[in-house]
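Quick notes on the structure that follows.
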Amino acid sequence: MAGSSAQLFAQISDALPPARGGISLRRAVVLGGSVAGLMAARVLSEHAEEVVIVERDGTAGTGGPRPGVPQGSQVHALLPAGVVQLERWFPGFAAEAVAAGAVTPPRDGSREWFYTDGRRWVTAPIDQDWTVLVSTRPFLEALIHRRTLAVGNIRRVTGLAEGLDFDGDRVVGARYTPLGSDQQVTLEAELVVDAMGRSSRLGDWLDESGWERPPMRRMPIKLNYATSVFQHDGAVSEAWNVVSTAAADPAAGSPPRIGGVILVEDHRWMVLVAGYADDRPSRDAVEFGRRCREDFPQVFGDIAERAKQVSEVVTYHQADSRRRDFHELRRFPAGLVATGDAVASFNPVYGQGMTSAMLHASCLSAYLHAPRTSLREPASGYFEQVKVVVDAAWQVSTFADLELPHVDGPYPRGYRLIRWVGRLLFELAVTDAVISERVARTTTMLAHPDSLASPRLLARALRLRLFRRAPAAPAADPDASAA
């Protein structure tokens, strides 16, 4: 692949229908039946006579929370870039989701409110020709599951993935134990996909078979979630989607906090409050209401105190963001790829997980259509494309997380300068519709973060800033050992 990261990202996030042709397979096996695995299976159905999904949760696709997704009851976001990919692989998906109850906020953004340190953004509608979908994670995953298994050459088996089979430098199959059995079953395959999530055991399997374990990078975030569900009531609020972020204020003794309100299917609000490190929301409903009233804009307190609460408060903790850099491996078996959280999982408050998995599926399609691709060689071309997607999401989330007082690195090269520019753009996004729209395209994964380095956009930001107190110049990079 050639071109800038922004150009490559635009190619990967293409909305065109899947191309015909490419590599042909007899069988492909996908280990994991969550969103990443389902999307990979759909892509592989264009190339394989048979696609088998191995999923350990027998309740997958039923529309309810399941053990394999411990954060499934929390607020989830399908970013606009994810909707583009769903429509690409499942034409008519948005209309089907809306008919089933998914919420579609007004296109003018009139019921979507965004706050930074208590100040509400000036929001401008993003130029788009698709429907924005808002729902719970189980609702969305059930729809994707149903559409995927409706494809004639895809089937699912319920069982626990146990390992890989090798023939020389190639993976030639995967082993699993069916639910209720103690006998392993081997599935021969020309391509195996690891979609087992952030707790994937692929590194262990590779290490046990004499291969390199993919290097892992971690950013400790110590995120603490609490979510509760309330019955929607127009007399309480007209809000459909609210996001509030507040940086730490040492002078006032205030820690950094993030909150969200989304209207989901069945006329319900999901309300999220989040803290970091020792700031841990509990399952106590009274404390939840107090946090909504005292720590966030008025709409949070109004809903928590005046709307009918229809669920208990559910908590979730995530210690870190992590990425496995498969592209750095010097030696890797052919016939094997990884996708979704098995490659990278981010701070979930940015809503990048499901959308990243869908873009990984686009990478898989491009790889299988590339003229020089051979399944007898390692999938380096695939992992190079996935790196572009991971880098985009990682840059947005980790650069923000490095602002947290309890996070002390690792700092990427150029961090001080990029932080200074980012702060400038986010500050001006509160009052300038043009900058707000460009920032929104990046945070919703419609564009690569590098697009914010546009000379024209930076010139606009600097002109606007000159009318106000000039920000301090960026300091030098952190110590090279931290970079």
The value for segment 306-350 (convex hull of the alpha-carbon atoms, volume per residue, Å³) is 136 Å³
The set of residues whose placed amide H lies less than 5 Å from the amide H of Ile221, leaving out same-chain residues fewer than 5 positions away, is Asp320, Ser321
Mean residue ellipticity (222 nm) of the chain, computed from DSSP H runs ≥ 4 via -39,500 (n - 2.57), nearest 500
-10000 deg cm²/dmol
For the pair Thr177 and Glu328, the simple spin-label estimate (label points 7 Å beyond Cα toward Cβ) gives in nm 3.4 nm
Three-way shape label, segment 173-255, alpha-carbon gyration tensor, a/c 1.5:
oblate
Extension reserve of the Phe399-Ser374 stretch, reckoned as 0.36 nm per residue once the Cα distance is removed
5.3 nm
Considering only protein heavy atoms, what per residue accessible area in square angstrom results for segment 324-424 with a 1.4 angstrom probe?
37 Å²
What distance in nm separates the two pseudo spin-label positions at Arg416 and Phe467, each 7 Å out from Cα along the beta-carbon direction?
3.1 nm
Please give the contour-minus-distance gain from Arg20 to Ala459: 0.36 nm per residue of separation, less the Cα-Cα distance, rounded to one decimal in nm.
153.7 nm
Sort Leu38, Leu417 by accessible area with a 1.4 Å probe, largest first.
Leu417, Leu38
In nanometres, what is the gap between the two model label sites at Ala235 and Ser282, each 7 Å from Cα along Cα-to-Cβ?
3.3 nm
Computed E for Asp167/Gln11 - FRET, C-beta separation, R0 41 angstrom, nearest 0.05:
0.75
Compute the length gained on full extension between Arg306 and Arg218: take 0.36 nm times their separation in residues and subtract their Cα-Cα distance, giving the result in nm to one decimal.
27.6 nm
Roughly how many percent of the accessible protein surface of the chain is carbon and sulfur, given a 1.4 Å probe and a whole-percent answer?
51 percent
Calculate, for segment 157-309, the solvent-accessible area per residue in square angstrom, rolling a 1.4 angstrom probe over the heavy atoms of the protein chains.
45 Å²
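The values are calculated or read from the model by the stated rules, or taken from the named source; none is laboratory data. Everything numeric here is computed off the predicted structure, so don't read it as measured data. Methodologically, a virtual Cβ is constructed for each residue, glycine included, from the backbone with ideal geometry; neighbour enumeration extends over all protein chains shown. Only protein heavy atoms, including side chains, enter the accessible area calculation; ligands, DNA and RNA are left aside. Shrake-Rupley method; radii C 1.70, N 1.55, O 1.52, S 1.80 Å.
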